[in-house]
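What follows is a set of notes on a single structure, which appears directly below.
The values are calculated or read from the model by the stated rules, or taken from the named source; none is laboratory data. What you see is a predicted model, and the numbers here were worked out from it, not measured in a lab. Virtual Cβ from ideal backbone geometry, glycine too; neighbours counted across all protein chains shown.
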Amino acid sequence: MFKSLKDRLKGVSKKFGSNIDEAIEKESQLSEADNRIPEMPEEPKPELSEEKDQPVIQTEKKPEKKAGFGSKIKVLVTEREVLITEKDISEPLEELELILLENDVAFDTTEAIISHMKDDLAGQRRKIGTSSEKFVTDALKDALLEVLGEGFLLTDYIDSHEKPVKVLFTGVNGAGKTTTIAKVAFYLKSKGYSVVIGSGDTFRAGANQQMKTHADRIGVKVISHQEGADPSAVLFDTVNYAKAHNIDVVLADTAGRFHNKGNLMKQLEKIRRVMNPDIVAYVDEAVAGNDAVIRAEEFNSAVGTDVVVLTKADMDTKGGAAISIAHTIGKPLMFLGMGQGYDDIVPFEPEKMVEELLEED
C-alpha cells in the first residue's frame, strides 16, 4: 500500500538529514577555527628601576563586546548542539512539496504539511551526534498525523449510542458501496454485533440480487423491495425491522450518483429525512486520488458527510486521497478496503498508516 509515496518519502528524509548534517559539520569547523588560540609572543621583561615609590599607572578596562548571532552558534556547537535554519531545510522542503503533489496529495494538505515541517525544524537545536534522519522523520510523522486527524472507530460509536445505530452509505457509481457494506457487516458480526442491511439501491439492475448474495454468504438479514421502488420506503422498513428485532446496526445502501445529478441528490435528501441516519458514510476509491477528494467535498456540500470509507487502498501506490480527504473536508476516515475478501477491511488508524509510510523495509 502507498509504495510509491513511501519510497519517495524515505529518500527526502535522507536528504533533509544530509543537509542538516552538512550544516552541523560546517559550523563545527568554523567554531574550531575561531576557538583556536594563537601562540602569543613573549613579552619583554620590564627593567627593574632603582627608584622606589614610583607611581602606579592604572589602565582603563575596555568594555566586553556582547555576543552576536555568530557567537551564539559557536556556543551552541561548543555545547554539542546546532541551530537548524530555514536555509538548511529549504531545498528538501521544496522536494517534499513536489513529491506530495505528484502522489495526489491535495494542494491545501501539501501546504499544511510543509508549513508544519518548517515550524517544527527551523530554529530548533539538535544534539550533535544524534541521527538527523530520525529527527526529520519524527517531524514528518507529526505533520502527517496532524492532517490525517484522529480517525473514526465505528465500534466505539455503536457502544456509546442508542440502538439501532443507522449508517447510510453514499457515493458515486462504481466506487464499491455494496461490497463495502457487506465487508462492514461481516466485520461488525465478527465483533458480536447484530446487523441488518437495507438494499436501498433500487435503481441499478441486479443490485438487490447482488446485496442478497452478499447477505446470504455472511449470514445477515437484508430488507429489499422490487426494482424501481422508492428507496426511502425500503430503508424506512429496514429501520423498523431493526427496532422490532433489537438489531444493533442498520447498514443502508443507496444508488451511486454524482453531485450534479439534481434529481438523484434530491432523492438522497429525502432518504436522509425519512431514515434519519446517525452516520452518513461517503465511499470512494483510494486509487481515484485527487478526484476522490474533490467528489467528497462536493458530496459533503450537497448532502453532508460524517465519515469516509476508501476502497482499493491495497492497490493505491500513491496514498494522496487517504492523506488528503480528512483534512480537506474536515471529516474522519472510518475504514480502508484492502482486498476482495469480506475480511479485507480495516478500521482507519492514523498512527498505523504513518508508521507504514515511514517504516524501513
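Here ALA229, ALA215 are screened, and the one residue that is part of a loop (DSSP other than H, G, I, E, B), more than 22 Å from ALA313 (Cβ to Cβ), out of contact with any Phe, Trp or Tyr (no Cβ under 9 Å at 6 or more places or on another chain) and in contact (Cβ under 8 Å) with a residue 12 or more places away in the chain is ALA229. For the range 337-361, the tally of residues that are more than 13 Å from the chain's Cα centre (by Cα) and either assigned to a loop (DSSP other than H, G, I, E, B) or of a type in the set (A, V, I, L, M) (or both) stands at 12. Picking from residues in the range 256-284 that are under 29 Å from the mean Cα position of the chain (by Cα) and of a type in the set (Gly, Ala, Ser), the one that is modelled with the lowest pLDDT is GLY256. The residue of the range 307-335 that is surrounded by the fewest Cβ atoms within 10 Å (Cβ to Cβ), among those that are part of a strand (DSSP E or B) and touching a residue at least 60 places away in the same chain (Cβ under 8 Å), is VAL307.
If you go through the range 90-104, how many residues are farther than 16 Å from GLY11 by Cα and either at pLDDT 95 or above or assigned to a helix (DSSP H, G or I) (or both)? Give the steps one after another, and end with the answer.
Going residue by residue through the range 90-104, those that are farther than 16 Å from GLY11 by Cα are 104.
Filter once more, keeping what is either at pLDDT 95 or above or assigned to a helix (DSSP H, G or I) (or both): none.
Qualifying residue count, the range 90-104: 0.
Considering ALA292, ALA302, ALA296, ALA244, the condition of being without any contact (Cβ under 8 Å) to a residue 24 or more places away in the chain and of a type outside the set (S, T, N, Q) is satisfied by ALA244 alone.
Residue count for the range 281-299 satisfying the condition of being surrounded by fewer than 24 Cβ atoms within 10 Å (Cβ to Cβ) and farther than 17 Å from ASP108 by Cα: 3.
For the range 324-336, give me each residue that is over 21 Å from GLY219 (Cβ atoms), of a type in the set (A, V, I, L, M, F, W, C) and more than 10 Å from the chain's Cα centre (by Cα). I'd like the intermediate steps shown before the answer.
First, the residues of the range 324-336 that are over 21 Å from GLY219 (Cβ atoms): 324-334, 336.
Narrowing the set further to residues that are of a type in the set (A, V, I, L, M, F, W, C) leaves 325-326, 329, 333-334, 336.
Passing the criteria: ILE329, MET334, LEU336.
Within the range 336-360, restricting attention to residues that are small (Gly, Ala, Ser) and out of contact with any strand residue (DSSP E or B) (no Cβ under 8 Å at 6 or more places or on another chain), which residue is modelled with the lowest pLDDT? Only one residue fits best here, namely GLY339.
Could you tell me whether ALA175 is surrounded by fewer than 19 Cβ atoms within 10 Å (Cβ to Cβ) and in a loop (DSSP other than H, G, I, E, B)?
No: the conditions fail for ALA175.
The condition (being in contact with a helix residue (DSSP H, G or I) (Cβ under 8 Å, 6 or more places away or on another chain), buried (at least 16 other Cβ atoms within 10 Å of the Cβ) and closer than 18 Å to PRO332 by Cβ) is satisfied by just one residue among LEU121, LEU168: LEU168. Taking the criterion of being of a type in the set (Ser, Thr, Tyr) and not in a helix (DSSP H, G or I), the residues of the range 129-159 that qualify are THR130, SER131.
Of all residue pairs spaced 6 or more apart or on separate chains, those with beta-carbon atoms under 8 Å, a first member in the range 1-21 that is farther than 20 Å from PHE348 by Cα and among the acidic types (Asp, Glu) and a second member that is at pLDDT below 85 and part of a helix (DSSP H, G or I) are ASP21/SER132. Under the condition of being buried (at least 21 other Cβ atoms within 10 Å of the Cβ) and within 21 Å of ASP344 (Cα to Cα), which residue from the range 188-213 is nearest to the chain's Cα centre (by Cα)? Looking at the filtered set, the residue picked out is LEU188.
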